[in-house]
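Each reported figure results from applying straightforward, stated rules to the coordinates on display, with no laboratory input. Not measured: the values here are computed from a predicted model. We place every Cβ from the backbone using ideal geometry, glycine too, and count neighbours over all the protein chains shown.
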């Protein structure tokens with residue numbers, strides 16, 4: 001059975017993250033009445049909340065990708081992750097928004113109030129296609 005390896009999550013790498021995430025969220029519940037969760041001030045409770053959620057998500061993705069081996073859906077993110085530094089620097093050098101506006105401005109005008117949404121999604125698509133081209137040609141920025 002494909003999902004029969006759940007015990008690997010409960011005994012391996014993911015278990016530590018699951019317990020740590022649960023512990024941080026438990027500490028958040030303990031401290032929340034005294035210290036409010038304020039992102040701008042980086043309070044202790046905010047760090048407990050952010051850390052707990054991150055560790056729980058790490059354990060969840062470990063379960064899905066490594067234990068259950070359900071990787072087909074992650075191709076979109078794999079293309080982005082293989083050149084994450086490139087796109088981080090690329091948005092400061094290449095004007096992807098201008099390209100999206102040039103290509104989709106006519107179509108987006110029919111969207112009415114959703115015109116900014118269409119243009120934003122077009123910009124994301126242009127960025128992803130740029131990364132896809134780099135991925136297919138095995139061009140990766142390494143540090």
- With springs only between Cα atoms under 10 Å, which of 64, 80, 107 fluctuates most in a Gaussian network model of the chain? 107
- Note on the structure: Across 78, 19, 92, the residue with the highest GNM fluctuation in the chain (Cα network, 10 Å cutoff) is 92
- Message: Quick check: the angle from helix 13-31's long axis to the longest principal axis of the chain, C-alpha only, nearest 10 degrees?
- Response: 80 degrees
- Message: Only counting other Cβ atoms within 10 Å, I'd like 123, 89, 82 sorted with the fewest neighbours first.
- Response: 89, 82, 123
- What is the helix-to-structure angle for 115-136, meaning the angle in degrees between its Cα long axis and the longest Cα principal axis of the chain, kept from 0 to 90 and rounded to the nearest 10? 80 degrees
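Does the stretch 75-136 come out rounded, prolate or oblate by the C-alpha gyration tensor, with a ≥ b ≥ c the root eigenvalues, rounded set by a/c under 1.5 and, if not, prolate when a/b is larger than b/c and oblate if not? Spell out each step's value before the answer.
Working: a/c = 2.68, a/b = 2.02, b/c = 1.33.
It comes out prolate by the Cα gyration axes.
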- Item | Point-to-point label distance, residue 93-residue 137, nm (Cα→Cβ direction, 7 Å offset) | 1.3 nm
- Item | Computed over the stretch 20-143, Cα set: Rg, Dmax in Å | 19.9, 54
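Based only on other Cβ atoms within 10 Å, what is the fewest-to-most ordering of 69, 97, 138? Show your work: numbers first, answer last.
On the way: 69 10, 97 15, 138 7.
Fewest-to-most Cβ neighbours within 10 Å comes out as 138, 69, 97.
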- The helix 96-108 Cα axis meets the longest alpha-carbon principal axis of the chain at an angle in degrees, between 0 and 90 and rounded to 10, of 70 degrees
